[in-house]
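Below is one structure; the comments refer to it alone.
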Amino acid sequence: MKNNEIHNLLNKLSVKDKIYQLIQLSGQFYQQDDELVTGPQQKLGIAAEAIKNAGSVLNIRGAQELINLQKRNLENSEHAIPMLFMADIINGYETIFPIPLGLGATWNPGLVKEAAAVSAHEAAVSGMHITFSPMVDLVRDPRWGRVMESTGEDSFLNGVFAQAFVEGYQGDMNPDKTIVACVKHFAGYGAPEGGREYNTVDMSERTFREYYLPAYKAALDAGAKMMMTSFNTVDGIPATANEWLNRSVLRDEWKFDGLLISDYAAVKELVDHGVAQDDKEAAALALKAGVDIDMMTSVYANNLESLVAEDEELSALLDEAVLRVLKLKNELGLFENPFRGADAEAEKRVVFSDEHRALAKQVAQESLVLLKNQNELLPLGDSVGKIALIGPYADTKSLSGMWSFSSRKEETTTLKEAFLEVFPEDELFVSSGCPMIEADFLKDSFGSYHAAESTQFDEKKELAEALAYAQEANVVVMAVGEHYLQSGEGGSRAKLTLPEVQQKLIQAIKELGKPIVGVVFSGRPLDLRIELQQFDALIEAWYPGTEGARAIVDTLTGKVNPSGRLSMSFPYEVGQVPVHYNEFSTGRPYEGSGHSKRFTSRYIDAPNKPLFPFGYGLSYADFEYSDLQLSGTQLTAESSITVSITVKNVGKYTGKETVQLYIRDLVGSVVRPVKELKGLKQVSIMTGEATTVSFELSEEMLRFHRADMLYASELGEFQVMVGRNSENLLTGSFTLAAKVES
Ligand code: GLC
């Protein structure tokens with residue numbers, strides 16, 4: 001449709017028709033069985049007319065099902081306005097990639113863009129239009145369960161990945177291969193007090209703008225067409241009712257004119273937050289704050305008609321919101337082809353294809369982070385002999401994390417299966433050794449999910465079998481980790497350790513004195529202090545997805561040299577949280593202050609440093625950094641400085657290294673971080689070879705929110721640091737000057 005035709009359509013709509021466009025309901029309302037529908041309908045308190053005419057639906061999947069639904073909608077819809085179909089495609093559609101925290105650990109935005117494009121292709125042929133992804137919330141607190149959905153603690157790196165996801169999903173907007181990216185959760189959801197889910201977020205505007213907002217902006221700069229509000233407050237006002245956030249920042253400053261949808265039930269929750277007296281006030285607040293679609297409540301459906309009748313301003317805002325919905329439907333080409341890419345035949349061919357699974361394996365390989373490899377225990381040689389594969393992750397298909405409802409879980413390769421593809425059956429002994437987690441914990445914490453877990457478990461027998469296998473083996477591989485429901489939405493934890501049942505198993509195995517390789521599955525940085533002592537080698541595997549088990553075996557055998565790097569610090573213990581690499585010096589830094597140690601910024605019972613720092617990861621290769629060179633020591637807004645460094649592979653294996661560039665602004669009108677990531681380059685280096693890696697330093701990289709809140713650089717002295725992680729760096733110095741002094 002042309003733009004004027006959209007406006008003509010809008011003018012034809014009654015107020016009710018307009019309101020229907022702002023309603024989004026889940027698939028449960030669109031089953032064939034009317035019995036089924038009346039239940040949710042009564043619970044939500046929404047009229048059948050509103051269900052029939054809702055402008056969009058979330059979390060229905062399948063080409064034929066969505067074709068049928070769209071047909072029914074068009075037949076019933078007076079104005080033949082197509083529905084939008086949206087879903088949470090977070091780390092894959094049916095081919096599941098590592099969780100985003102694992103994708104962040106690849107430090108490979110190009111690869112993540114490919115993964116997003118595959119997810120979009122699978123979703124598009126299955127009839128999907130929009131994904132509620134990427135989640136670009138910055139997270140410094142691993143207690144928060146949704147850290148698994150983020151790419152970590154750094155705004156620069158999160159911005160790089162935000163762009164990769166959006167470009168991967170939306171590409172050239174080819175209807176058969178792409179979907180729209182809905183960026184979330186706007187904004188600051190990753191900083192709840194205490195790391196507790198849905199808890200209050202409160203920070204200075206400076207911190208908000210400097211660290212928490214940039215990745216959302218990067219996603220919009222990459223062309224994202226939709227944004228989702230977050231559950232949390234921003235400066236005391238819930239995001240879903242926050243006019244400063246959604247109009248002044250998002251619309252006026254950032255010039256975003258795309259669609260803004262609330263998070264699930266967030267409009268109604270304005271009453272629970274205590275900013276709305278009732279649903280009617282909640283509807284007015286959300287509409288005034290620019291929320292276009294009300295996800296999964298009846299607040300807009302039941303209140304906007306009376307509100308707009310009473311208030312001209314709201315009537316205009318209603319039109320504004322409906323226009324944005326119609327424009328996105330038009331941009332997707334739905335008025336010309338309401339079924340867009342839905343194609344049941346293509347779905348069979350494209351979804352979960354061998355090619356997609358091969359990519360999933362490559363991404364999983366690059367997401368794995370080698371955290372320890374004492375005495376080069378890894379890679380396991382061909383003559384490794386008997387292997388005991390022990391632990392609750394030894395033989396399970398639950399390898400894809402919390403947001404993989406649509407995965408073909410039954411076709412996920414288990415670690416046992418992957419081992420048997422490589423090692424002789426008579427030399428592999430597999431036992432879970434203990435349950436994934438204490439049974440009562442499952443019952444208490446996971447409610448309905450509990451039914452999904454078999455708790456018939458003979459702990460004594462399993463432990464005895466595991467110990468016997470380990471006793472016989474030359475090496476033990478322990479596959480351990482959090483239960484996948486201990487992270488994700490609603491998965492905040494006050495502790496960061498492995499389930500106690502698993503810690504006991506590991507200790508029992510340790511006492512046998514065998515070499516142990518630990519493979520840890522988790523949705524967050526864990527407190528691995530004890531395991532770090534017990535394991536001779538340690539790999540963080542996150543939830544690696546459909547092909548993750550094969551990726552792990554490829555890594556254990558050396559077929560692949562691990563290249564993952566942490567995109568989030570692993571705390572020494574939960575008491576350190578939040579601990580992140582780009583901290584401020586404080587007036588009494590632990591290192592280098594004139595005060596006695598007692599009176600410096602420190603704990604008396606724990607170190608300041610995390611267990612593993614941001615950017616950390618080992619390789620089977622051994623890289624040496626030397627000869628940091630700067631092309632000059634004076635930088636101006638008109639010039640740049642080339643920073644170069646030599647990286648040599650002095651190890652026995654060819655490997656990929658992620659060279660990281662950091663800067664430090666030594667003096668600012670506000671305190672500046674002790675270091676900030678400003679660049680990364682991945683290079684593969686053959687054993688014995690060396691290469692020079694260069695970066696361009698520009699004035700733009702030095703900008704920040706100054707004391708006057710202007711986003712700009714300040715003249716003065718800087719350090720530039722280059723190395724393998726945020727702690728192991730070579731340092732140089734330069735000055736930002738108004739002009740180069742001869
Ligand atoms: C959930 C999540 C959000 C998701 C939405 C739809 O509560 O907060 O990330 O996209 O609801 O499932």
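No lab work stands behind these numbers, since they all come straight from the coordinates. Everything numeric here is computed off the predicted structure, so don't read it as measured data. With ideal geometry, Cβ positions are generated from the backbone for all residues, glycine too; neighbour counts draw on all protein chains shown.
Got a sec? Which helices (runs of 4 or more DSSP H) wholly within segment 274-380 have at least 1 residues that are within 29 Å of the chain's Cα centre (by Cα) and of a type in the set (Lys, Arg)?
312-331, 344-350, 354-367
Of these, 350, 363, which one is in contact with a His (Cβ under 7 Å, 6 or more places away or on another chain) and not basic (Lys, Arg)?
Values: 363 fails: in contact with a His (Cβ under 7 Å, 6 or more places away or on another chain).
Going through 350, 363 in turn, just one is in contact with a His (Cβ under 7 Å, 6 or more places away or on another chain) and not basic (Lys, Arg): 350.
Selection of segment 247-304 for residues being farther than 22 Å from residue 54 by Cα, within 16 Å of the ligand (Cβ to nearest atom) and of a type in the set (Asp, Glu) yields only 272.
Does segment 292-311 contain at least one residue that is over 30 Å from residue 72 (Cα atoms), touching a residue at least 24 places away in the same chain (Cβ under 8 Å) and of a type in the set (D, E, K, R)? Yes, because at least one residue in segment 292-311 is over 30 Å from residue 72 (Cα atoms), touching a residue at least 24 places away in the same chain (Cβ under 8 Å) and of a type in the set (D, E, K, R).
Applying the set (1) of a type outside the set (Phe, Trp, Tyr); (2) assigned to a helix (DSSP H, G or I); (3) touching a His at 6+ places or on another chain (Cβ under 7 Å) to residue 553 leaves exactly one unmet item: (3).
Is it fair to say residue 171 is over 21 Å from residue 296 (Cα atoms), in contact (Cβ under 8 Å) with a residue 40 or more places away in the chain and more than 15 Å from the ligand (Cβ to nearest atom)? Let's see the steps before the verdict.
Details: over 21 Å from residue 296 (Cα atoms): yes; in contact (Cβ under 8 Å) with a residue 40 or more places away in the chain: yes; more than 15 Å from the ligand (Cβ to nearest atom): yes.
Criteria met by residue 171.
Just to be sure, is residue 566 touching a Leu at 6+ places or on another chain (Cβ under 7 Å) and in contact (Cβ under 8 Å) with a residue 24 or more places away in the chain? So residue 566 fails the test. A count restricted to segment 202-237 and to residues that are assigned to a loop (DSSP other than H, G, I, E, B), hydrophobic (A, V, I, L, M, F, W, C), within 16 Å of the ligand (Cβ to nearest atom) and in contact with an Asp or Glu (Cβ under 7 Å, 6 or more places away or on another chain) stands at 1.
Candidates in segment 255-273 are the residues that are charged (D, E, K, R) and part of a helix (DSSP H, G or I); of these, the one that is nearest to the chain's Cα centre (by Cα) is 269.
When 693, 667 are checked against the criterion of being part of a loop (DSSP other than H, G, I, E, B), among the β-branched types (Val, Ile, Thr) and out of contact with any helix residue (DSSP H, G or I) (no Cβ under 7 Å at 6 or more places or on another chain), 667 stands alone in meeting it. Of all the criteria given as (1) buried (at least 16 other Cβ atoms within 10 Å of the Cβ); (2) under 29 Å from residue 105 (Cα atoms), the one not satisfied by residue 584 is (1).
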